[in-house]
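Written out below as structure tokens is the structure these notes cover.
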Amino acid sequence: MRANPSASSRSAPLRGRTSLQSLISNLRSLITVHFSLFTFFLWSLALFFPLLLQPNSVAMPPQSPFSDLLISHLPNAQFAHNTFLYFHQFPLWNPSILNGAPFAADPLSGLWYPPNWIAILFPYPITFNILFALHLAWAGWGMYRWARDDGFDMLPSLMGGLIFAGMPKLIAHLGAGHVSLAGLTQKSCRVT
């Protein structure tokens, strides 16, 4: 039995319209994702703008002569950088702490957290400031995605992400140099 040619000609424009609607829908969602990422990136740059202008400065608690970043994380990054540079090997042991201490097993060494590899390659204060800003953007975007997945509209989700990325407790931890806490914070948001 032959198919009715008029039926197939009627469905052809419908298929074309459906694919166009699908393309527009995909483009709209792509623009929304990029807009939200760009918004959180700008927000984190605004929060860290004074530090990013001074490449040798780090965030510090008021009236404090030191922070965890200066005591632990920056020296660990410099030690790992020098070990890779001069000895061409993975740093397993740190001989400069007491009579020596395991370096690869130390959770504060930063070896097992991939974003910290940038700080190991470039062990300067500005690298940590950029990492902090990127962590804030990632944390805010994660909160935004979580709120969107839970059914909130775009504006409340965006506000929730901006508030989360700029919350005083998180900024205070970053100011105290808690690099590992910044990594854990964005993992608390479910990013899909």
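The values are calculated or read from the model by the stated rules, or taken from the named source; none is laboratory data. What you see is a predicted model; the values in this text were computed from it and never measured. In this analysis, Cβ positions are derived from the backbone assuming ideal geometry, glycine residues included, and neighbour counts consider all displayed protein chains.
What the table shows:
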{"read-out": "Hits in the stretch 74-104 - residues which are within 23 Å of ALA176 (Cα to Cα) and modelled with pLDDT under 90", "value": "ILE97"}
{"read-out": "Residue tally, condition part of a loop (DSSP other than H, G, I, E, B) and either in contact with a Leu (Cβ under 7 Å, 6 or more places away or on another chain) or acidic (Asp, Glu) (or both), over the stretch 102-147", "value": "5"}
{"read-out": "Any hit, the stretch 89-100, residues being within 18 Å of HIS173 (Cα to Cα) and in contact with a Leu (Cβ under 8 Å, 6 or more places away or on another chain)", "value": "no"}
{"read-out": "Residue check for LEU85: surrounded by 19 or more Cβ atoms within 10 Å (Cβ to Cβ) and not in a loop (DSSP other than H, G, I, E, B)", "value": "no"}
{"read-out": "Members of the stretch 131-154 that are over 10 Å from the mean Cα position of the chain (by Cα) and surrounded by fewer than 22 Cβ atoms within 10 Å (Cβ to Cβ)", "value": "ARG145, TRP146, ALA147, ARG148, ASP149, ASP150, GLY151, PHE152, ASP153, MET154"}
{"read-out": "Failed criterion for PRO156 (all others in (1) free of Cβ contacts under 8 Å to residues at least 40 places away in the same chain; (2) not in a helix (DSSP H, G or I); (3) not hydrophobic (A, V, I, L, M, F, W, C) hold)", "value": "(2)"}
{"read-out": "Boolean, PHE128 is surrounded by 12 or more Cβ atoms within 10 Å (Cβ to Cβ) and under 18 Å from ILE71 (Cβ atoms)", "value": "yes"}
{"read-out": "SER25 vs. criteria modelled with pLDDT under 85 and touching a Phe, Trp or Tyr at 6+ places or on another chain (Cβ under 7 Å)", "value": "no"}
{"read-out": "Test: residue in the stretch 39-53 that is assigned to a helix (DSSP H, G or I) and hydroxyl-bearing (Ser, Thr, Tyr)", "value": "yes"}
{"read-out": "Pick from the stretch 39-71, criterion surrounded by fewer than 19 Cβ atoms within 10 Å (Cβ to Cβ) and of a type in the set (Gly, Ala, Ser), ranking: modelled with the highest pLDDT", "value": "ALA46"}
